[in-house]
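To keep things clear, I will list the structure first and then write my remarks on it.
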Amino acid sequence: MKLALTINAVSYSIDADPDMPLLWLIRDEANLKGTKFGCGMALCGACSVHVDGNLVRSCSYPVQLAQGKAITTIEGLSTDPDHLHPIQQAWLEVQVPQCGYCQSGFMMAAAHLLEENSTPTEDDIKNSISNICRCGTHPRIIHAIRLAAKLKRNEPIR
């Protein structure tokens, strides 16, 4: 089946099985490798992307549901090549990752949270982001999300 998709503001026309997980289309057909395969069961969040502004786990999201929708991956989180997205900037500032494998999914979940809640508390973050990091960087992730919220609101960070 021929599918028309927009990934990071780039139009794609791809012949694919409509039941194929969006993750594989992003990685293998669009050649965007930032979105990761973690569990394959929509549990860990490593594959998180935005579809029309909604956070989805792309490993279990059939590509046919994404047809005609705007998909944003970690590569498209910042639309200005000269400026990082507040989440990306905060991740660097706090030095969040250890191995880094799950971080693109966490960043996409955090960006979605900040679109919904510009002043999240620690409890808001813990209750909203269900991604898993096996390295245990959760305290730094929480710190980075709170910092990103300040950056997004143009508040001083120190």
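The values are calculated or read from the model by the stated rules, or taken from the named source; none is laboratory data. Given the structure is predicted, the values throughout are model-derived calculations rather than measurements. For neighbour counting, all protein chains shown are included, and Cβ atoms are generated from backbone atoms with ideal geometry for every residue, glycine included. The accessibility values were calculated without ligands, DNA or RNA, using every heavy atom of the protein model including side chains. Shrake-Rupley method; radii C 1.70, N 1.55, O 1.52, S 1.80 Å.
For the criterion of being in contact with an Asp or Glu (Cβ under 9 Å, 6 or more places away or on another chain) and either under 28 Å from Thr137 (Cα atoms) or open to solvent by 20 Å² or more (accessible area, probe 1.4 Å) (or both), Gly40 fails.
Would it be correct to say that Ser11 is under 15 Å from the mean Cα position of the chain (by Cα) and modelled with pLDDT of 95 or more? In short, no. Just one of (1) charged (D, E, K, R); (2) under 20 Å from Ser130 (Cα atoms); (3) open to solvent by 80 Å² or more (accessible area, probe 1.4 Å) fails for Glu93. It is (2).
Candidates Ser104, Ser118: the one that is closer than 14 Å to Arg153 by Cα and of a type in the set (Gly, Ala, Ser) is Ser118. Among the helices (runs of 4 or more DSSP H) confined to segment 46-158, the ones with at least 2 residues that are among the small types (Gly, Ala, Ser) are located at 103-116, 138-152. State all residues of segment 117-131 that are of a type in the set (A, V, I, L, M) and under 13 Å from the mean Cα position of the chain (by Cα); if no residue qualifies, say none. Hit for segment 117-131 is Ile129, nothing else. Here segment 8-37 is the region considered, the condition is being out of contact with any helix residue (DSSP H, G or I) (no Cβ under 7 Å at 6 or more places or on another chain) and aliphatic (A, V, I, L, M), and the residue that is most open to solvent (accessible area, probe 1.4 Å) is Val10.
Checked against (1) open to solvent by 60 Å² or more (accessible area, probe 1.4 Å); (2) closer than 27 Å to Ala148 by Cα; (3) modelled with pLDDT of 95 or more, Gln64 meets all criteria but (2). Figure legend. Inter-residue proximity from segment 1-21: first residues farther than 24 Å from Leu77 by Cβ, second residues open to solvent by 70 Å² or more (accessible area, probe 1.4 Å) and not in a strand (DSSP E or B), beta-carbon distance below 6 Å, spacing 6+ or different chains. Indicated pairs: Pro18/Met1; Pro18/Gln64. Of everything listed in (1) open to solvent by less than 80 Å² (accessible area, probe 1.4 Å); (2) under 27 Å from Leu32 (Cα atoms), the single unmet condition for Thr79 is (1). Leu114 meets the conditions (1) more than 13 Å from the chain's Cα centre (by Cα); (2) crowded, with 17+ Cβ neighbours inside 10 Å; (3) without any contact (Cβ under 8 Å) to a residue 60 or more places away in the chain in every case but one. The failed one is (1).
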